[in-house]
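Below is one structure, written out as structure tokens; comments come after it.
The values are calculated or read from the model by the stated rules, or taken from the named source; none is laboratory data. Bear in mind that the values here come from a model prediction, so they are computed numbers and not experimental data. Here the Cβ is made from the backbone with ideal geometry for all residues, glycine too, and neighbour counts use every protein chain on show. In case anyone asks, the SASA skips ligands and DNA or RNA and just uses the protein heavy atoms, side chains included. Shrake-Rupley method; radii C 1.70, N 1.55, O 1.52, S 1.80 Å.
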Amino acid sequence: MKLYLDNAATTPIAKEVVEELNKQIKNYGNPSSRHKLGKSTKEEIEKAREKIAKFINVKPGEVFFTSGATESNNWAIKGTASTNPEKKQIIISAIEHPSILETCEAMKKQGYKIDLISVNKEGRINLEELKNKISQDTLLVSIMHINNEIGTIQPIEEISKICKEKRVLFHTDAVQSFGKIKIDASQIDLLSVSGHKLNAMKGIGFLYIKKGTKINPLLNGGGQERNMRSGTENFLGIVSLKKAIDLKRKITEVSKSRERIIKEILKIPGTILNGSEKGACNIISLSFYGIEGESLQMLLDEEGISISTGSACSSNKLSASHVLEATGTDEFHLNGNIRISLDTLKPLTKKEEDFLIKKVKENVEKLQKISPIKFKETSNNK
Amino acid sequence: MINTNYSKKVIEHFSKPKNIGKIKNADAIGELGNPTCGDVMRIYLKVDKKTEKIKNIKFQTMGCAAAIATSSMITELAKGKTLEQAKKITNKDVADSLQGLPPIKMHCSNLAADALRVAIKNYEEKIS
């Protein structure tokens, strides 16, 4: 049995999307060309834009296609920084995606002050701390909607209200939430999305920019996307995104599956759930006592189960997950984590769930036998 | 996540490690590493007092595939050797015996060689 359970990393392109791509592939014209072929491609793009805008309750003119959320995140920060040069403070959560963190590191080198808002053990940001940190100097607040590692859902409506009151721009990285939970972006200033997390193609995404927001383009050139994002449009990517939002996602079944998997795997002594039971319906981050994540990931890979881990040994900087550090994960659980992320289009069958649970239990046991660090049940850690 | 291309030998020693476990009444124990880094190795020794040869050696490791494989390999390399010979086993010996390690994982072979030396040092301090 082969189980692909790394959907938070990327998803398979849905068969309905492939069908749509096959239909549209004949529309190869450059959307900027004046002839019929170009115009018909442009028309399809505008249809997609309208549909996507409606999906998040915004205007089509506020949706700008990009190569994905990394570009959108870079653009949101760098584009607003250059139009508001007097504002030199950026506020983000302690658990943002590297495309936000590294962009902020780059801004630091240009003299920007970056403030990280702390999170509690479930990964939720401290709203009081956020309120207190906002100042006259704040360019932008950027807080991701759903965390990719542990699935924590942030209260973006409340954050948006706080930012509105304080008259500061609010950006959210909605990569893990778009298409999975309903989003009303009309009260937000900027929002990033990547298509490949919801069964569309890789290399496509968008940045939603609320009308009236002062922002410079990141890419200059031929003037596509109303002069805001030059570069010949990724037409097939856009088509794939338009189709992907139409697909029926089995959120209830996937949530039930998640519940069961968590309940069963938590039976292994010393195991903890990272994030919260109320987190994203498809993300399960678990830490096992006294073992290391990469070795568990490899053993599961040998069994045909694809998952990921945030352990230090599996990162290219040999540093543990900044998300698990921010939530205060203890040293015996910090590196023993795996992330199982489910496909919202195709819930697991009971047989597949059983297989996953069995193999996780077997292999965690195997590694715990090899480890010198043994879990002792006390009244404190029951 | 990085893409680690491990050799066949590493995968062998990772999937079926040799000499796992504790030694009751061990003559010496050496432990290195820390959970925060994700690597902890503990080596148990049983030494023949007359010949100073390592009669029995076992390990317990919390760590990535390379950590487990290097632990397993070092116990194989050290078994039956004298303490002097065992002290001379280098991380390069461990890595070479495993048909090489990805550069980013070489530190795991360091840990194995050092953990063995800590165990030997503890033994020598005990008997002196």
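Here's the yes/no breakdown for (1) among the polar types (S, T, N, Q); (2) more than 20 Å from A:R226 (Cβ to Cβ):
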{"position": "A:L37", "(1), (2)": "no, yes"}
{"position": "A:K59", "(1), (2)": "no, no"}
{"position": "A:K108", "(1), (2)": "no, yes"}
{"position": "A:S118", "(1), (2)": "yes, yes"}
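For B:T82, are the conditions met, namely being within 14 Å of chain A (Cβ to nearest Cβ) and without any contact (Cβ under 8 Å) to a residue 60 or more places away in the chain? The answer is no for B:T82. Of everything listed in (1) modelled with pLDDT under 95; (2) under 22 Å from the mean Cα position of the chain (by Cα); (3) open to solvent by 10 Å² or more (accessible area, probe 1.4 Å), the single unmet condition for A:K346 is (1). Only residues that are open to solvent by 10 Å² or more (accessible area, probe 1.4 Å), within 8 Å of chain B (Cβ to nearest Cβ) and not in a helix (DSSP H, G or I) were counted across the stretch A:287-302, and they come to 0.
Selection of the stretch A:251-283 for residues being over 22 Å from A:N147 (Cβ atoms) and not in a helix (DSSP H, G or I) yields A:K267, A:I268, A:P269, A:G270. Looking only at the stretch A:16-26, decide whether some residue is modelled with pLDDT of 95 or more, open to solvent by less than 30 Å² (accessible area, probe 1.4 Å) and closer than 30 Å to A:I284 by Cα. Yes, there is a match, as at least one residue in the stretch A:16-26 is modelled with pLDDT of 95 or more, open to solvent by less than 30 Å² (accessible area, probe 1.4 Å) and closer than 30 Å to A:I284 by Cα. Inspection of the stretch A:152-164 finds a residue satisfying the criterion of being within 12 Å of the chain's Cα centre (by Cα), of a type in the set (S, T, Y) and open to solvent by less than 20 Å² (accessible area, probe 1.4 Å).
Condition first: acidic (D, E) and either open to solvent by less than 10 Å² (accessible area, probe 1.4 Å) or not in a loop (DSSP other than H, G, I, E, B) (or both). Now tell me which residues in the stretch A:303-342 satisfy that.
Narrowing the stretch A:303-342 to residues acidic (D, E): A:303, A:325, A:330-331.
Residues satisfying the conditions are A:E325, A:E331.
Within the stretch A:303-328, the set of residues being in contact with a Lys or Arg (Cβ under 8 Å, 6 or more places away or on another chain), within 10 Å of chain B (Cβ to nearest Cβ) and more than 28 Å from A:E377 (Cβ to Cβ) comprises just one member, A:S308. Among B:N91, B:N25, B:N56, which is buried (at least 19 other Cβ atoms within 10 Å of the Cβ), over 18 Å from A:S371 (Cα atoms) and either modelled with pLDDT under 95 or out of contact with any helix residue (DSSP H, G or I) (no Cβ under 9 Å at 6 or more places or on another chain) (or both)? After ruling out the rest, the residue left standing is B:N91. Name every residue in the stretch A:171-210 that is open to solvent by less than 20 Å² (accessible area, probe 1.4 Å), part of a loop (DSSP other than H, G, I, E, B) and within 10 Å of A:G68 (Cα to Cα), in order of residue number. Those that are open to solvent by less than 20 Å² (accessible area, probe 1.4 Å), part of a loop (DSSP other than H, G, I, E, B) and within 10 Å of A:G68 (Cα to Cα): A:V175, A:I204.
If you go through the stretch B:61-79 and keep only what is surrounded by fewer than 22 Cβ atoms within 10 Å (Cβ to Cβ) and in contact with a strand residue (DSSP E or B) (Cβ under 6 Å, 6 or more places away or on another chain), you end up with just B:K79.
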